[in-house]
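The next block holds one structure in the form of structure tokens; read it before the comments.
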Amino acid sequence: MSTVTLTTGLTLRDVVLTYPDGDRRLTALDRVSLSVAPGELTAVVGPSGSGKSSLLAVASTLLRPDSGQVLIAGADAGALSPRQATALRRDRVGIVFQQPNLLASLTALEQLLVVENLRGGRARAAHGRAERLLASVGIADGKQYRRPHQLSGGERQRVNIARALFAEPSVLLVDEPTSALDHERGAQIVELLADVTRDYATATVMVTHDRALLDRADQVLEMVDGYLG
Ligand code: ADP
Ligand code: MG
């Protein structure tokens, strides 16, 4: 197995992704290349259907491209077995999906802890770390013990972001984080993403169709019909 270790952060090289489309194939990503360094927030803007979610699916190793390379924290995802790719995704990639996918019956704190099967001292250490992480995204003063329906939309998105960061990923992928929020709360979430990108040194890709929120991004790329430029 050849795992390249020349790069950190996230690199895509000449990635092509197609989907079946009747008798033909639809090209969702057309020779897409992208490089995001640790601590850098890259925004990808483009209309609905331009391939933004497909880009994140490939960057997270959830989908394997038809051709091209995906490097995550120096590891060549295409050279990994499915089991190794799953481990890479679990250990190195934090994903914030477009739909809030918190579990209704769990508190904010439990949303973070549920991903680990914990006992004894490790559970206590993880509990403390989860509380500190939630506080760093503004979920504190008892809010960490609330369930999703007892939190606002912006607070639920903060919990989502904290959960994605809990495994200390190298790469943070965020799909339309502000689509369910008003402008002010949306702007606060983008501020938060810029802050956590710096504080936790993640290579962050945030996709959005909202151009009003891009001033905190280090790099803004446009996606049109599967092309990124
Ligand atoms: P965006 O996130 O920018 O809205 P997507 O990546 O979801 O764009 O979609 C890009 C293109 O790929 C669209 O034409 C969409 O209809 C198509 N597409 C997305 N997912 C699938 C799929 N699972 N099967 C077939 N076509 C898909
Ligand atoms: Mg999408």
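Hey, can you tell me all the residues within the range 170-189 that are modelled with pLDDT of 95 or more and open to solvent by 10 Å² or more (accessible area, probe 1.4 Å)? Selection gives SER170, ASP175. Among the residues of the range 215-224, is any in contact with a strand residue (DSSP E or B) (Cβ under 6 Å, 6 or more places away or on another chain), among the small types (Gly, Ala, Ser), open to solvent by 10 Å² or more (accessible area, probe 1.4 Å) and within 24 Å of THR8 (Cβ to Cβ)? Among the residues of the range 215-224, at least one is in contact with a strand residue (DSSP E or B) (Cβ under 6 Å, 6 or more places away or on another chain), among the small types (Gly, Ala, Ser), open to solvent by 10 Å² or more (accessible area, probe 1.4 Å) and within 24 Å of THR8 (Cβ to Cβ), which makes the answer yes.
May I ask you to say which residue of GLU191, GLU168, GLU184, GLU222 is within 16 Å of ligand 1 (Cβ to nearest atom) and either assigned to a helix (DSSP H, G or I) or acidic (Asp, Glu) (or both)? Before you say what the answer is, go through the steps one by one.
Numbers: GLU191 fails: within 16 Å of ligand 1 (Cβ to nearest atom); GLU168 fails: within 16 Å of ligand 1 (Cβ to nearest atom); GLU184 fails: within 16 Å of ligand 1 (Cβ to nearest atom).
Going through GLU191, GLU168, GLU184, GLU222 in turn, the sole match is GLU222.
If you go through the range 190-209 and keep only what is without any contact (Cβ under 8 Å) to a residue 40 or more places away in the chain, buried (at least 16 other Cβ atoms within 10 Å of the Cβ) and not aliphatic (A, V, I, L, M), you end up with just TYR200.
Within the range 194-216, the residues that satisfy the criterion of being in a loop (DSSP other than H, G, I, E, B) and more than 14 Å from GLY46 (Cβ to Cβ) are TYR200, ALA201, THR202, ASP215, ARG216. From the list GLY138, GLY154, exactly one residue is of a type outside the set (A, V, I, L, M, F, W, C), open to solvent by less than 10 Å² (accessible area, probe 1.4 Å) and over 30 Å from ASP14 (Cβ atoms). Which is it? The conditions single out GLY154.
The values are calculated or read from the model by the stated rules, or taken from the named source; none is laboratory data. Quick caveat, the model's predicted, so the values are computed rather than measured. Ideal geometry is used to build each Cβ from the backbone, glycine not excepted, and the neighbour counts take in all protein chains shown. Keep in mind that these areas ignore ligands, DNA and RNA; they rest on the heavy atoms of the full protein, side chains included. Shrake-Rupley method; radii C 1.70, N 1.55, O 1.52, S 1.80 Å.
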